1. Looking only at region 170-178, decide whether some residue is in a loop (DSSP other than H, G, I, E, B) and among the small types (Gly, Ala, Ser).
2. Condition (residue is part of a strand (DSSP E or B), of a type in the set (Phe, Trp, Tyr) and closer than 15 Å to Thr92 by Cβ) applied to region 139-154: is it met by at least one residue?
3. Could you list, in sequence order, the residues of region 105-144 that are in contact with a strand residue (DSSP E or B) (Cβ under 6 Å, 6 or more places away or on another chain), in contact (Cβ under 8 Å) with a residue 60 or more places away in the chain and of a type outside the set (Phe, Trp, Tyr)?
4. Considering only residues that are in a strand (DSSP E or B) and either β-branched (Val, Ile, Thr) or on the phi > 0 side of the Ramachandran plot (or both), which ones fall in region 24-76?
5. If Arg188 satisfies all but one of (1) among the charged types (D, E, K, R); (2) within 19 Å of Ser53 (Cβ to Cβ); (3) out of contact with any Lys or Arg (no Cβ under 8 Å at 6 or more places or on another chain), what's the number of the condition it fails?
6. Under 6 Å between Cβ atoms, at least 6 apart or on separate chains: pull out the pairs that start in region 66-79 with a residue that is farther than 22 Å from Val206 by Cα and end on any residue that is β-branched (Val, Ile, Thr).
7. Taking the stated definitions as given, is Ala118 buried (at least 20 other Cβ atoms within 10 Å of the Cβ), over 12 Å from the mean Cα position of the chain (by Cα) and at pLDDT 95 or above?
8. For region 80-100, which positions are outside any strand (DSSP E or B) and either free of Cβ contacts under 8 Å to residues at least 24 places away in the same chain or crowded, with 21+ Cβ neighbours inside 10 Å (or both)?
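The values are calculated or read from the model by the stated rules, or taken from the named source; none is laboratory data. These figures come from a predicted structure and were not determined experimentally. Neighbour counts are summed over all protein chains in view; Cβ atoms, including those assigned to glycine, are modelled from backbone coordinates with ideal geometry.
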Amino acid sequence: MNKFLLVTMLVAPLAVIGADEAKGKKKGEKGFVSLFDGKSLNGWKVNKENPKSIAVKDGNIVIDGPRAHLFYDGEVENHNFKNFVLRAQVKTFPKANSGIYFHTKYQDSGWPDAGFEAQVNNTHGDPKKSGGLYAVKDVNPAPAKDGEWFDYEIRVKGKKITIKINDKVTSSWKEVPNAPHLKSMPGRKLGSGTFALQAHDPKSVVHYRNIRVKPLK
């Protein structure tokens, strides 16, 4: 066997492994820290409502079942974020509804009272679609499609929230005193807190992967 062929045979598997590890990763990732190891829910805490609705399969966090919430409970920033950029890849299935909460805190059951929800919904009946700041700065139509991975970014800096889908701004909002939504949702205000992924209902299937955060000063 010639040396060139031998080297090729040795390097090729490493290239495949490298490609798998880099799946979904992009340039401009300096300063980002992973929150999900792709193998387990280490660093995360499922609340007590319906814990079987959330699992890890094939390198993804799989949301499938009745209402539950998965809260980040790990060591990064002691799971208490104020200014940050959060990035994740998301794939929805037909008629699925979910959400990414931020500036929230753990609670055993119910919809999280604290913090904001970045909506995940491309074809569910709720008119509030992916890329919107739920019930604060909503989006319609959906900027992404079911069955395809799309990039989700949430940026909080000071009093401003910016959401991007596939690198395009879908929602931008600056907090003001006595905002209208506070009458019905008094907990939706900027401060600090952790992240949470939502299982919305038994017919909503959503996958998450490559979840990482960059704390900002």
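1. Taking every residue of region 170-178 in turn, none turns out to be in a loop (DSSP other than H, G, I, E, B) and among the small types (Gly, Ala, Ser).
2. yes
3. Lys105, Pro112, Ala114, Gly115, Glu117, Val120
4. Val33, Val46, Ile54, Val56, Ile61, Val62, Ile63
5. All conditions pass for Arg188, except number (2).
6. Val76/Val33; His79/Thr194
7. On the way: buried (at least 20 other Cβ atoms within 10 Å of the Cβ): yes; over 12 Å from the mean Cα position of the chain (by Cα): no; at pLDDT 95 or above: yes.
It is false that Ala118 is buried (at least 20 other Cβ atoms within 10 Å of the Cβ), over 12 Å from the mean Cα position of the chain (by Cα) and at pLDDT 95 or above.
8. Looking only at region 80-100, we keep the residues that are outside any strand (DSSP E or B), and these are 80, 82-83, 93-97.
Those that are outside any strand (DSSP E or B) and either free of Cβ contacts under 8 Å to residues at least 24 places away in the same chain or crowded, with 21+ Cβ neighbours inside 10 Å (or both): Ala96, Asn97.
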